[in-house]
Structures are given as C-alpha cells and as structure tokens.
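Below is one structure, written out as structure tokens, with a few remarks after it.
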Amino acid sequence: MLISQRMNDAINQQIGNEFAASLQYVEMASHFSADGLPVFAKHFFKQAEEERDHAMRFVKFILDAGGVVQIPTLPAPQHKFATAEEAVSLALEQEKSVTRQISALAELAIKESDHITKTFLDWFLKEQLEEVSSMDNLLRMVQRAGEDRLLYVESHLSGSLSKGEPDPAKDED
C-alpha cells in the first residue's frame, strides 16, 4: 500500500465529505428549481456533479494506492432555505469547510512525508481556491440584488452560461 492506514482513513472521511457536499448542492438546486430559478438550479446541479466527481477522484486514488475504500455514513443535507442568500451563504461556508478539510489532509501528507498523496492533493487545493472565490462572488451578487431582484442575477447568469462563456460567478482569467 502506497499510503498509510491513517491517510487511507482520512481520505475515506473526505470521500464522505465530498458526497455530503454533493447532496447538499442537490438540495440547493432543488430549492432554486422549486422557486422558479432554473439557472440557479442548473448552477447548483453542476456543483453537485463536481463534488461527486471529487469524491470519485479520491476513491480512484485510494484504489490506485492499494488502499481500501470505506465510505462513512453521510449526514442529511439541509433541505429548507428561507432565502436565496441563506442557501448561497451555506454553499460558501461548505466550500470553506472543504478547503479546511483538504488542507488538513495536505498537512497529514506532509507530516507523513507522503509526497504521492501531497502531489495528488495539490489539485484539490487549487480547485478549492476557485470554489470559494466562485461562491463568494455569487453570494455578493445575490446580496446586491436582494431577494426581490434575483431574476436579474438569474438573467445575468443565464446569458453568460448559454453563450458558453465562463461562469460569471467564478473569478476566472
């Protein structure tokens, strides 16, 4: 096995964290869909898919490293949101939490001199910078617009997304 049992266990926990984040995004997307905001829904369904993909990257890594995958029990996601701002705020906090989790994994890899795992985690660290920035930008847009003008944000997102342009909620070059 190319990773320690301790690292294997920690990554298994992260697999659960990523699947839990995916489920939370599905709930958010469902909330926005029910509120008649299909572009917000599409954005959060896409986020759910990305988190699931992240979990699967971790699964593949453990298997490639000769470890054993054991997905922990997942907590139930929050399914009711009073406002769009509440949902997007939760998304931002979730991304910050995942960033702390990935950072802790990187610290463990450094502590164990596990360069293979640390190199693998570098992609996730960069990804988390993008995810936190994206959610922070989206939250600021929602706050500026207010609940009564979410259709403006919806329209703005729709125009950019339908043209295949980068997501304006993401801070990309």
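Rule-based calculations on the coordinates, nothing more; no lab input. Every value quoted in this text rests on a predicted model; they were computed, and no experiment measured them.
The table for this structure:
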quantity	calculated
For the chain: lysine pairs under 27 Å (alpha-carbon distance), excluding those fewer than 8 apart on one chain	28
Residue-averaged 222 nm ellipticity for the chain, from DSSP H runs of 4+ at -39500 (n - 2.57), nearest 500	-26500 deg cm²/dmol
The chain, relative contact order in percent, only Cα pairs under 8 angstrom and at least six apart counted	25 percent
Cα principal axis extents for the chain, largest first, Å	54, 35, 23
Cα-only Debye scattering, the range 95-163: base-10 log of I(q)/I(0) at q = 0.27 Å⁻¹	-1.09
Residue among S113, S133, S97 with the largest mean-square fluctuation in a Gaussian network model of the chain, springs linking Cα atoms under 10 Å	S113
